Amino acid sequence: MSSEWVIDAHGLEKSYGSGTSRFDALKGVSVQIAAGETVAIVGKSGSGKSTLMHLLALLDEPDQGTLEVAGQTAKSLSKRAVNELRNKEFGFVFQQFFLTPNVSVLDNVILPLKIAGMGGKERRRRGMEVLTQLELADKAGNKATTLSGGQKQRVVIGRALVNAPRVIFADEPTGNLDTATGAVVEDILFELNRSQGITLVIVTHDEELAARCDRQIYIRDGLVVQHTAARSAAHSAAAPTNTEAHSAAAPTNAEAHSTAGGAA
Amino acid sequence: MRTKDLIISAISNTFRSKLRTTLTVLAIFVGAFTLTLTNAVGAGVSQYVDAQVGALGSPDVFIITQASDASTAGDGPVKYDAASSASVASQQGPPGTTTKALTDADLASIANVAGIESVDPIRAVQADYIESESGTPYEFSINATSAVTTADLTAGAQLDGSASAAQLVLPDTFVTPLGFASAADAVGTSVSIGITDILGAKHVVAATIVGVSLESLLASGAGANDALIAELADAQSGGIDTAVTSYGVAVAHFDTALSADGITALKADLASEGYTASTIADQLGAVQTVITGIVGVLNAFAVIALIAAAFGIINTLLMSVQERTREIGLMKAMGMSGGKVYTLFSLEAIVIGFLGSALGAGVAIGLGSALSAVLSRGLLSGLPGLNILLFEPASVALVIGLVMLIAFLSGTLPAQRAAKQNPIESLRYE
Ligand SMILES: Nc1ncnc2c1ncn2[C@@H]1O[C@H](COP(=O)(O)OP(=O)(O)O)[C@@H](O)[C@H]1O
Ligand SMILES: [Mg+2]
């Protein structure tokens, strides 16, 4: 089943505001993500990476373009189906921790399960399982605010992981962390991909992190400027070779390449 | 999210900002406290009046007087007619008006009205004293309408209207002075009633105590059955059969099976004959209306306090929504529907409402019961049977329910705001 899982986006456009304050954050982006892949969305701040990730994760709707998730057109899905999809199949690591203060680590981790309507006992069992996996079992009862940055981010990953998702979307997962703890968090994410086959979509401006991914999608000013081909390490059977067609549609000016290179 | 989890989350969220919740709850507390107390006062007084007046009156009785048309200003003096107006103005009407008294001819024509089963004049008798075997006489008065009313008994039985023996229902304040050990002890004993006739001669009439009653607001004095009233009236008249017998008030019995409409029609019939008829319920109604009015005004103040508290709830929850923007965004990103978010915040409003109202009602009941006990022994001891604050479970529940409803309505605006939040906007929120 998971091998068929794919996100297929064509010509995504998204603008914020209207009139003179209108800002085109995405100007026609096509992306495909196969099951089990690790994909980095790379670009400078304000290039539209988060906007793209939000569209791919069905957190927002594009103004133009089509999006297919597991063969289903996103537009055809009901609100409830979209909620269900995000709740059951996706895990999120946002730019900030977004941990609920004054609530225990365990309660933070099991929030998606609570929303899913899982029973209290089962929820706690699953939550402890994830915390043990992340070596945070001894912190389960602590308030989230008492943790260090690295621990917090591990809790956030636990929360993204607790519903056994097919895809984890991570927006600058190491942006808030020092290099050492950032590396630990990266290792955890890639280990999840290796051992559980969870697809990773990582938004970053960190070239090193991007390089650890199977594939990199470079974005600048709302356009894809460069796709790297899938490496042999890609678990997916469906090799995303047709992406070249869309990157060709984007203006491949000299500046675009220099940006990609400059970010390295 | 399960309903149980929603409720638990709502409760724990409520206590996250303790000071803010406490202040909001306090505002609701004041409203709920006041509303519970005013309702209790209303219920307490109503119950007292019901007991005092309701139990007194038989449901099938009219109190009949002459319609006071003759005294209406503007018509000028009415010509005297020995047959019809042969009576003095009595003191039965309200102050400032005069009412013609009823004559035997009036009684006959009232009796002729279809639907009236019997008419009895109320004869006022002025007793001087009552004396038991112990020997000390005490000043004493007899309630003229006692024959048609039901006394609030502490011992013995009601008066028997058809009995030929003279019967008396003694107010319980007379029990000890007359030398009886207890109310029950007084029942069955014989007492003497002194009365002065119109010529100044003293007479003594014997009567048997059949019951002892609580002093009542609306019917003071002892109760006497028809036989005793007749004996006293005869004694009072001094053996002289006065040419004109006139009565201020007559009591008419009508068919108990008569519907409310039938009673209204009968009243109209009597009115067309020139008589004013009112049932005990009518008279009770007037008292009740006043009390309901006062309680209504007090309740209005309490509701105003609650409306002020409602703005407190709105404010608290709006702040809470603002503060928890990211949390709401996160929950929505994780697949929580807008409906569930709405429910969560509505429940928080209801929890605040419940806390305030339950505390308010609880403290009102506690303080009120204590106050009521103190008052009935002190300030209000002259009104036995009055429970000034009566907390009825149904009305307390109603107050709590009402406050929770107000809280829910106050919560709709903030809850809507939370439900409508775009998860992306919320997560970007810095
Ligand atoms: N809600 C919004 N309203 C207006 N402009 C926005 C909004 N969200 C994003 N933008 C703009 O869109 C552009 C892309 O934003 P984003 O996708 O967050 O970039 P990145 O994640 O690559 O830093 C930025 O210039 C940002 O200012
Ligand atoms: Mg971003």
Requested in this report: With respect to B:THR289, determine if the residue is without any contact (Cβ under 8 Å) to a residue 24 or more places away in the chain, polar (S, T, N, Q) and more than 19 Å from B:LEU409 (Cα to Cα).
Outcome: yes
Query - Scan of the range A:12-41 for residues that are assigned to a strand (DSSP E or B), of a type in the set (Gly, Ala, Ser) and either more than 16 Å from ligand 2 (Cβ to nearest atom) or within 14 Å of chain B (Cβ to nearest Cβ) (or both), ordered by number - result: A:SER15, A:ALA25, A:GLY28, A:SER30, A:ALA34
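Every residue in the range B:351-383 that is in contact with a Leu (Cβ under 6 Å, 6 or more places away or on another chain) and surrounded by fewer than 17 Cβ atoms within 10 Å (Cβ to Cβ), please. Give the steps one after another, and end with the answer.
Filtering the range B:351-383 down to residues in contact with a Leu (Cβ under 6 Å, 6 or more places away or on another chain) leaves B:364, B:368, B:372, B:380.
Within the range B:351-383, B:LEU380 is the sole residue that qualifies.
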Query raised in the report: Only one of these conditions is not met by B:MET334: (1) more than 14 Å from chain A (Cβ to nearest Cβ); (2) surrounded by 23 or more Cβ atoms within 10 Å (Cβ to Cβ). Which number is it?
Result: (1)
Query raised in the report: Looking at this structure, is A:GLY65 modelled with pLDDT under 90 and either open to solvent by 10 Å² or more (accessible area, probe 1.4 Å) or out of contact with any Pro (no Cβ under 6 Å at 6 or more places or on another chain) (or both)?
Result: no
Query raised in the report: What number of residues in the range A:167-182 are within 11 Å of the chain's Cα centre (by Cα) and in a loop (DSSP other than H, G, I, E, B)?
Result: 2
Report summary line: Selection from the range A:42-70 of residues within 16 Å of ligand 2 (Cβ to nearest atom), within 14 Å of chain B (Cβ to nearest Cβ) and either of a type in the set (A, V, I, L, M, F, W, C) or not in a helix (DSSP H, G or I) (or both) yields A:SER45, A:GLY46, A:GLY48, A:LEU52, A:MET53, A:LEU55, A:LEU56, A:ALA57, A:LEU59, A:ASP60
Query raised in the report: Of all residues in the range A:192-208, which are of a type in the set (A, V, I, L, M, F, W, C) and surrounded by fewer than 24 Cβ atoms within 10 Å (Cβ to Cβ)?
Result: A:LEU192, A:ILE198
Query raised in the report: What are the residues in the range A:129-159 that are more than 21 Å from the chain's Cα centre (by Cα) and part of a helix (DSSP H, G or I), if any?
Result: A:GLU129, A:THR132, A:ALA137, A:ASP138, A:LYS139, A:ALA144, A:THR145, A:THR146
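Residue-wise test of (1) within 14 Å of another protein chain (Cβ to nearest Cβ); (2) open to solvent by 40 Å² or more (accessible area, probe 1.4 Å); (3) touching a residue at least 40 places away in the same chain (Cβ under 8 Å).
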{"position": "B:ASN299", "(1), (2), (3)": "no, no, yes"}
{"position": "B:LEU306", "(1), (2), (3)": "no, no, yes"}
{"position": "B:ARG326", "(1), (2), (3)": "yes, yes, yes"}
{"position": "B:GLY338", "(1), (2), (3)": "yes, no, yes"}
Query - Filtered residues of the range A:19-67 (kept if near ligand 1 (Cβ under 8 Å from one of its atoms), among the hydrophobic types (A, V, I, L, M, F, W, C) and within 20 Å of A:LEU209 (Cβ to Cβ)) - result: A:LEU52, A:MET53
Requested in this report: Scan B:THR276, B:THR264, B:THR256, B:THR289 and give me the residue that is open to solvent by 40 Å² or more (accessible area, probe 1.4 Å) and over 24 Å from B:VAL119 (Cβ atoms).
Outcome: B:THR289
Requested in this report: Within the range B:1-36, track down each residue that is surrounded by 18 or more Cβ atoms within 10 Å (Cβ to Cβ) and of a type in the set (Gly, Ala, Ser).
Outcome: B:SER9, B:ALA10, B:ALA27, B:GLY31, B:ALA32
Report summary line: Residue count, the range A:157-175, condition surrounded by 24 or more Cβ atoms within 10 Å (Cβ to Cβ) and within 16 Å of ligand 1 (Cβ to nearest atom), comes to 3
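The values are calculated or read from the model by the stated rules, or taken from the named source; none is laboratory data. On a predicted model such as this, the values are computed, not experimentally measured, just so you know. Counting neighbours? That spans all protein chains shown, and the Cβs are built from the backbone with ideal geometry, glycine included. To get the accessible areas, we keep the full protein, side chains included, count just its heavy atoms, and leave off ligands, DNA and RNA. Shrake-Rupley method; radii C 1.70, N 1.55, O 1.52, S 1.80 Å.
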